[in-house]
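Reading through the structure tokens given below for one structure.
All of the numbers you see were taken from the coordinates with simple rules; none came from a lab. Predicted, not measured: the structure shown is a model, and the values here were computed from it. As a convention, Cβ positions derive from the backbone with ideal geometry for all residues, glycine included, and neighbour counts pool all protein chains shown.
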Ligand SMILES: [Mg+2]
Ligand SMILES: [Mg+2]
């Protein structure tokens, strides 16, 4: 069965029954995972977690080492897009290195992490941006900035990217001049003010794990409150809807990377809200593709409408489960 | 000068030049502060931080001790409303008591605090609710629940309140049958889904300090990221606006307790957004009253309109400062 699912995922396209294409992308942590993702039918890499190059090393990776890893992913995807998230350290991801100070924080999830850290460590950030740019010459790379809270940070990150490009131009080093960069939408303020991030973003990538945590003020790693982490909370559904609306109004694409993107129960809702790209563990792609191929866009839109009109998250979840179960019942 | 400000604050009403009344309420931590707040011109207590009764004691206060403290505040306000926030422990407020376990959390601000804790500790919560209810017989008390993330929690809190009332009825103990209870809006999900909290709330009280922290994913006590804590971020302005709109649509009052409520630069924006009640340190009341008496509602509404249309928080702040400065220049 598993083998047949893999063949199916590799050989068919991710389209709804009525022909709407939904890109299914892979989340990876190392360059060499790209080719496996391709085998599992990925339409690209939606999230390359670059911090793992830093966390699993005794010393910080050089620009050259990063370049090699990114190039490997990009070549492994054979021309499909590879979206590299710039360093997302902090929160619960730390590097034990004498080269980087380790800050003790009372609330690291509300602290000095991701883009906040990178904008303060210019040399480190520039070397990562140069490594990505250099790798972009070997296929299709995209850059995304984690933990953007507003336009000011996004603009500063884009300025750094321009600086990195000028370094390469000065050195006569090739890169993709058309490379796209976008903001991750994972902080509530970025969602509420998403329209202010359009001019600096070629796409939005919604990081639902963090977004839900901040919307609900819940650290889901904390057992005492994890029950409050509710992806179908009406505030989450509405917020996803307004992010998609802002992206459509601004004519940019919007993808989701977060656990909900790989959850076949949640996928109809996300598609119905207008999301066109989902990024997940590569091994989840076959299942999600199967769900997409067995539903219509109109059905998904009805589900989204129901979810936007329902004020009780547990009822939303129940109806999503009902849809998924009844669809599976029809198929088997 | 200070003495004249105090006389002015005590003897005049908080009305804009065009006659719109804005209630100026005091934040207090102990019952005996009420009479001083009254002297400084407070229209009531907008926030009685009940957890200080717990934090400053060697042992947890009994229901009787709580009753005495609440009654003292209520009598001290001479019939004006006293809004008691139920226990808001956790976050950065802990009790060192052998009676309550102290949980170690990686992110206490996203953890087991406030209503989350109280709903799990029924005996403790019920005894607080009974103490407030008993005190309500001596004046005008109101109850507010901190850290409500959605309707489920609010409904459970209100059920506990009904249980506490039934205990008193069984014992033949007097309380105000018309006592109001409301949700604090300080978690983004509560703001986004504020309409779902109307049926369980007699009023909303917006806790801007926490709300801004969660919207921006910033622990403002953390020096490395405190610069990102921006009360005029467009996402904050929009969120305040949508909370006020939900309250008006639901025909309930909305007040703000948080540092912005006592900041004369921010007050015109808050009034322009439609907030009718501000709660602050009692010593800030005279200044805020002075600002309110020297502006028109229409001016404030223009400021709110500007803020809602501006996508750069630093420009919003600049214009708020301009208004405040030019108004002060005219007056002196
Ligand atoms: Mg994240
Ligand atoms: Mg609070």
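Can you give me the convex hull volume of the Cα atoms of the stretch B:2-77, divided per residue and expressed in Å³? Provide the component values of the computation, followed by the final result.
Details: hull volume 7.1 nm³, N = 76.
Spread over its residues, the Cα hull of the stretch B:2-77 gives 93 Å³ apiece.
If each label sits 7 angstrom from Cα along the C-beta direction, how far apart, in nm, is residue B:221 from its counterparts in the other copies?
Those separations, rounded to one decimal, come out as 1.9 nm.
In degrees between 0 and 90, to the nearest 10, how far off the longest principal axis of chain A does helix A:151-171 point, with axes built from Cα atoms?
50
Per residue of the protein assembly as shown, what 222 nm ellipticity follows from adding -39500 (n - 2.57) for every DSSP H run with n ≥ 4, rounded to the nearest 500?
On the way: 28 runs with 312 residues, N = 664.
The per-residue figure over the protein assembly as shown is -14500 deg cm²/dmol.
Let me know the Kirkwood hydrodynamic radius for the stretch A:41-86, please, with Cα pairs as the basis and the value in Å to one decimal. Mind dumping the intermediate values first?
Details: mean 1/r = 0.0895 Å⁻¹.
After inverting the pairwise mean of 1/r, the radius is 11.2 Å.
Write down the Kirkwood hydrodynamic radius of the stretch B:177-243, to one decimal in angstroms, obtained as one divided by the mean of 1/r over all alpha carbon pairs. Show your work: numbers first, answer last.
Details: mean 1/r = 0.0787 Å⁻¹.
Radius from the Kirkwood sum: 12.7 Å.
Write down the Å³ per residue value for the convex hull defined by the alpha carbon atoms of the stretch B:227-332.
Values: hull volume 11.2 nm³, N = 106.
Convex hull of Cα atoms, per residue: 105 Å³.
Rank A:59, A:289, A:36 by mean-square fluctuation in a GNM of chain A with C-alpha springs under 10 angstrom and give only the top-ranked residue.
A:59
Measure nothing fancy, just the Cα-based angle from helix A:122-136's long axis to the longest principal axis of chain A, in degrees from 0 to 90, nearest 10.
Approximately 70 degrees, to the nearest ten.
At residue B:293, with labels set 7 Å past Cα in the Cβ direction, how many nm apart are the copies from this one, shortest first?
Spacings between copies for this position, smallest first, are 7.6 nm.
Could you check which residue among B:260, B:206, B:45 shows the biggest mean-square fluctuation in a GNM of chain B with a 10 Å Cα cutoff?
B:260
In chain B, what is the volume of the convex hull around the alpha carbon atoms, normalised per residue and reported in Å³? Write out the running numbers ahead of the final one.
Working: hull volume 45.1 nm³, N = 332.
Hull volume normalised by residue count: 136 Å³.
Between residue A:68 and residue B:195, how high is the FRET efficiency from 1/(1 + (r/R0)^6) when r is the Cβ-Cβ distance and R₀ = 30 Å? Nearest 0.05. Intermediate values should be presented prior to the final figure.
Working: r = 52 Å, r/R0 = 1.75.
About 0.05, to the nearest 0.05.
Against the longest principal axis of chain A, how steep is helix A:297-309, in degrees 0 to 90 to the nearest 10, with axes from Cα atoms?
Long axis of A:297-309 versus the principal axis of chain A: about 90 degrees.
Order of A:25-35, B:247-257 by packing, highest average Cβ count within 10 Å first? Provide the component values of the computation, followed by the final result.
Numbers: A:25-35: 21.5, B:247-257: 19.5.
The packing order, highest mean first, is A:25-35, B:247-257.
Taking the Cα centre of each part, how many Å lie between the stretch A:89-156 and the stretch A:16-66?
Using only Cα atoms, the two centres lie 17 Å from each other.
Once you place label points 7 Å from the Cα toward the Cβ at residue B:330 and residue B:10, how far apart are they in nm?
Each label point is offset 7 Å from its Cα along the Cβ direction, giving 3.0 nm.
Can you give the Kirkwood hydrodynamic radius of the stretch A:35-171 from its Cα pairs, in Å with one decimal?
Working: mean 1/r = 0.0644 Å⁻¹.
Result for the stretch A:35-171 stands at 15.5 Å.
Considering only DSSP beta bridges with both partners in the stretch B:11-136, what is the antiparallel share in %, to the nearest 5?
35
Between residue A:100 and the same site in the other copies, what are the distances in nm, shortest first, taking label points 7 Å from Cα along the C-beta direction?
Nearest first, the other copies' label points are 3.7 nm away.
What fraction of the DSSP beta bridges in chain A is antiparallel, stated in percent and rounded to the nearest 5?
Working: 3 of 34 bridges.
Beta bridges within chain A, antiparallel portion: roughly 10 percent.
What is the Cα coordinate range of the protein assembly as shown on the first, second and third principal axes, sorted by size from largest, in whole angstrom?
The principal-axis extents, from largest down, are 76, 62, 47 Å.
Round to the nearest 0.05 the FRET efficiency obtained for residue A:287 and residue A:94 when R0 = 30 Å and r is the Cβ-Cβ distance.
Details: r = 33 Å, r/R0 = 1.09.
With R0 = 30 Å, the Cβ-Cβ based efficiency is 0.40.
Picking from B:40, B:197, B:60, which is most flexible by a Gaussian network model of chain B using Cα springs under 10 Å?
B:60
Any chance you could list P(r) for the stretch B:145-219, counting all Cα-Cα pairs in 10 angstrom bins from zero, rounded to whole %?
Percent of Cα pairs in each bin: 20, 42, 25, 11, 2.
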